[in-house]
Amino acid sequence: MFGAGNQGRSGGRRARLRRAAALALVGAVLTGAAACGGDGATDGGKGGKDARTDGKAPASTPADGAEDAAESAESAASAGSGELGTSGGSGALSQRDLTALAFTDGEKIGKYTAGEFSLGEPQGEDYTADPAACQPLVSLAKGATAFDPASEVHRNVDVAEEMVGATVAVQLRSYNGGGAVGVMKALGAAGKACAGGFVENRAVAKGQYLKVEPVKAPDHGDEAQAYRFTILDVKGTLKLYEYLTVVRSGATTLSFRADILDTKDIGKVPEEVITAQWKKFEAASTR
């Protein structure tokens, strides 16, 4: 289970637990404020219902771009060789192989430290989007697209000593057939369809995405996409910012989601984190 390896890094583990506690406390306070504050409610005091409709994205359906994604995936599956760095890839990496390509627990990346998630997969199946076409922007977990990963590894990267600082969820997923190509197509379709915003349904609250903007993607892999999200806090008063970068190499995607427990805009996913993970991944394809 995720988090087991953190026992070897007690200081980092305590820092992560403090951060998790701070996140939970802020979420609880803001959720309570949203439920009790009439002036802060966008529907004039009708509670959370209106949070699903304010800033609503233009009408779209999960089928938008699905046919193109399926066709691209099928083409990639017939052409790919399954090796790292190939056009589409026909075979997913095993869980063991994918784990060997990911950051290890306690690995240092500049000022950052990598670790395993103690509470399982971040942005998992309990995070959904409304409309559903926006789901790839929220999470690429199983069920997010028509292409489920055959193997996946999740790592948390942050500055262990900082209670309030940038944190990056680094997630590697490998797919059979042309699944990775299909996922990227679905992500691109979501980026266009949901540019005007959507609602993220979380386990205990809702988040309103006000804007989805494409930003410069790194020059890694066969293709890459990057986005900047402007999000309202659960009270509906503060603007928060998140960044998502997804790189595809053959049958595998490398996803980086960066955020901060603050209204500060960190500007992008930290380049050193993306570069370090990519180099580690790429090195395996040349062996």
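Looking for whichever is under 21 Å from R155 (Cβ atoms) and hydroxyl-bearing (S, T, Y) here; the options are Y241, Y227, Y209. Which one fits?
Numbers: Y241 fails: under 21 Å from R155 (Cβ atoms); Y209 fails: under 21 Å from R155 (Cβ atoms).
When all the criteria are applied, what remains is Y227.
When each of T230, T245 is tested for being at pLDDT 95 or above, buried (at least 20 other Cβ atoms within 10 Å of the Cβ) and in a strand (DSSP E or B), the lone residue that passes is T245. Filtering region 121-148 to residues that are more than 21 Å from V204 (Cβ to Cβ), surrounded by 22 or more Cβ atoms within 10 Å (Cβ to Cβ) and in contact (Cβ under 8 Å) with a residue 60 or more places away in the chain leaves A133, L140, T145, F147.
Scanning region 248-287 for residues that are in contact (Cβ under 8 Å) with a residue 60 or more places away in the chain, farther than 26 Å from F147 by Cβ, of a type in the set (V, I, T) and not in a strand (DSSP E or B) turns up just one, I266.
The residue that is farthest from the chain's Cα centre (by Cα), among those in region 248-264 that are modelled with pLDDT of 95 or more and hydroxyl-bearing (S, T, Y), is S249. Based on this model, can you work out whether E282 counts as out of contact with any Leu (no Cβ under 7 Å at 6 or more places or on another chain), surrounded by fewer than 22 Cβ atoms within 10 Å (Cβ to Cβ), more than 23 Å from G115 (Cα to Cα) and of a type outside the set (G, A, S)? The answer is no for E282.
For residues in region 93-120 being modelled with pLDDT under 95 and hydrophobic (A, V, I, L, M, F, W, C), which is farthest from E271 (Cα to Cα)? Filtering region 93-120 for residues that are modelled with pLDDT under 95 and hydrophobic (A, V, I, L, M, F, W, C), the one farthest from E271 (Cα to Cα) comes out as L119.
The values are calculated or read from the model by the stated rules, or taken from the named source; none is laboratory data. Source: prediction; values computed, not measured. Neighbour counts run over all protein chains shown; Cβ positions are idealised from the backbone, glycine included.
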